[in-house]
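The values are calculated or read from the model by the stated rules, or taken from the named source; none is laboratory data. Treat the numbers as computed from the prediction; the structure is a model and nothing was measured. Positions of Cβ are generated from backbone atoms using ideal geometry, with glycine treated the same way; all protein chains shown enter the neighbour counts. The accessibility values were calculated without ligands, DNA or RNA, using every heavy atom of the protein model including side chains. Shrake-Rupley method; radii C 1.70, N 1.55, O 1.52, S 1.80 Å.
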Amino acid sequence: MCHISPTSKETIDEGLSVFFVFGVITSAFITHAGAMASRSAVLSLAEAGISPQVGAPPADVLDPSFAPSERDGLLVIDVQTDFMPGGALEVPGGTEVIPIVNALVRRFEHVVLSQDWHPPKHSSFASQHEGKSPYDETQMPYGAQTLWPDHCVQNTPGSAFHADLAIPARARICRKGFRSAIDSYSAFFENDRVTGTGLQAHFQELGVTTVYVVGVAYDFCVRFSCEDAAARCGATAVLVKDATRAVGLPGSVEAAAKGLEQAGVRIVNAAELRS
Ligand code: VGL
Ligand code: ZN
């Protein structure tokens, strides 16, 4: 992966050392230290307050020879309740990806789950823009922005990972979209295209050079994560097509296909994966 930016660990350590130096602190400050730890960090499950879960049985789709190496990472995008059927921003067929994702999760040592993680009143919510409805577009200082129903609000049931998703203890969590003024589709860079999430540094520290991407939504967070991995981070990006589903706004699926091709993202079905 390309350039080294301030690492997620440095950011975590900063937050934690402040925490330890000031032994007697108010609970508000503890919250603040927690917020710092998640600012630009890729978190362990414990740091994110998430328990491992077994999830639904894995699909039997992978070729036995597919054995990811130390240099391969799996990036699972936003398999959260609000993006699943019945959720606030539902992706049709979203739960169908889960058994395939779970099969992949078992094979990879390096697994990162991205988590859309908005404060209440996030600027990407249509509810914060007078006269606008969900799925309208608006202009933000950083460019055009689609407006969404309120979704994935931090620490609400809708922001939790789906109960059927396998979450092994070794998984890491990459939160995005937690700055009120900026949305983040990509798990690498927010929508201003400048602010990093810490994921690039995380993969770089591990020596990961190929990123396999699955999850939702194909036409937004999956698309931009793949494009950034390939075009901005110098990784090989492999999108596992049958392990993703689209929101499907007018033109969004076509735009995604074009963008992915231009960025040089490899697209395969899970059963085609080989080492
Ligand atoms: C997403 C819209 C808003 C996604 C996240 O995960 O694709 N889409 N926030
Ligand atoms: Zn969002």
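Screening D164 on (1) within 11 Å of ligand 1 (Cβ to nearest atom); (2) in contact with a Pro (Cβ under 9 Å, 6 or more places away or on another chain); (3) not hydrophobic (A, V, I, L, M, F, W, C) shows it passes everything except condition (1). Among the residues of the stretch 159-182, those that are open to solvent by 10 Å² or more (accessible area, probe 1.4 Å), in a loop (DSSP other than H, G, I, E, B) and not β-branched (V, I, T) comprise A160, H162, A163, D164, A166, P168, A169, R170, F178, R179, S180, A181.
Of the residues A229, A217, only one is within 15 Å of ligand 2 (Cβ to nearest atom), buried (at least 24 other Cβ atoms within 10 Å of the Cβ) and small (G, A, S); which?
Numbers: A229 fails: within 15 Å of ligand 2 (Cβ to nearest atom).
Residue meeting the stated conditions: A217.
Out of the residues in the stretch 189-214 meeting the condition of being in contact with a Leu (Cβ under 6 Å, 6 or more places away or on another chain) and among the hydrophobic types (A, V, I, L, M, F, W, C), tell me which one is farthest from ligand 2 (Cβ to nearest atom). Full working, then the answer.
Kept after step one, since they are in contact with a Leu (Cβ under 6 Å, 6 or more places away or on another chain), are these residues of the stretch 189-214: 211-213.
Now drop any that are not among the hydrophobic types (A, V, I, L, M, F, W, C), which leaves 211, 213.
On the way: V211: 21, V213: 17 Å.
So the residue we want is V211.
Pull up the stretch 177-223, narrow it to residues that are of a type in the set (K, R) and modelled with pLDDT of 95 or more, then point me to the one that is farthest from P141 (Cα to Cα). Applying the filter and picking the extreme gives R223. The single condition among (1) touching a residue at least 60 places away in the same chain (Cβ under 8 Å); (2) within 15 Å of ligand 2 (Cβ to nearest atom); (3) within 21 Å of G248 (Cα to Cα); (4) open to solvent by less than 10 Å² (accessible area, probe 1.4 Å) that P149 does not meet is (4).
Residues that are open to solvent by less than 60 Å² (accessible area, probe 1.4 Å), part of a loop (DSSP other than H, G, I, E, B) and in contact with a Pro (Cβ under 7 Å, 6 or more places away or on another chain) within the stretch 42-72 comprise A56, P58, A59, listed in sequence order.
With the requirement that a residue be of a type in the set (D, E) and within 16 Å of ligand 2 (Cβ to nearest atom), what does the stretch 104-143 give you?
Within the stretch 104-143, D116, D136, E137 qualify.
Exactly one residue out of Y135, Y185 is crowded, with 21+ Cβ neighbours inside 10 Å, of a type in the set (F, W, Y) and either within 12 Å of ligand 1 (Cβ to nearest atom) or part of a helix (DSSP H, G or I) (or both): that is Y185.
Taking S127 as the residue in question, decide whether it is away from ligand 1 (no atom under 11 Å from the Cβ) and in a loop (DSSP other than H, G, I, E, B). Write out each step before concluding.
Details: away from ligand 1 (no atom under 11 Å from the Cβ): yes; in a loop (DSSP other than H, G, I, E, B): no.
Judged against the criteria, S127 is not a match.
Which members of the stretch 215-242 meet the condition of being of a type in the set (S, T, Y) and part of a helix (DSSP H, G or I)? Please lay out each step first, then the result.
Initial filter on the stretch 215-242 (of a type in the set (S, T, Y)): 218, 225, 236.
Those that are of a type in the set (S, T, Y) and part of a helix (DSSP H, G or I): Y218, S225.
Of the listed requirements (1) open to solvent by 50 Å² or more (accessible area, probe 1.4 Å); (2) of a type in the set (A, V, I, L, M); (3) under 17 Å from D78 (Cβ atoms), V222 misses just one: (1).
When restricted to residues that are away from ligand 2 (no atom under 15 Å from the Cβ) and open to solvent by 20 Å² or more (accessible area, probe 1.4 Å), the stretch 73-92 contains 3.
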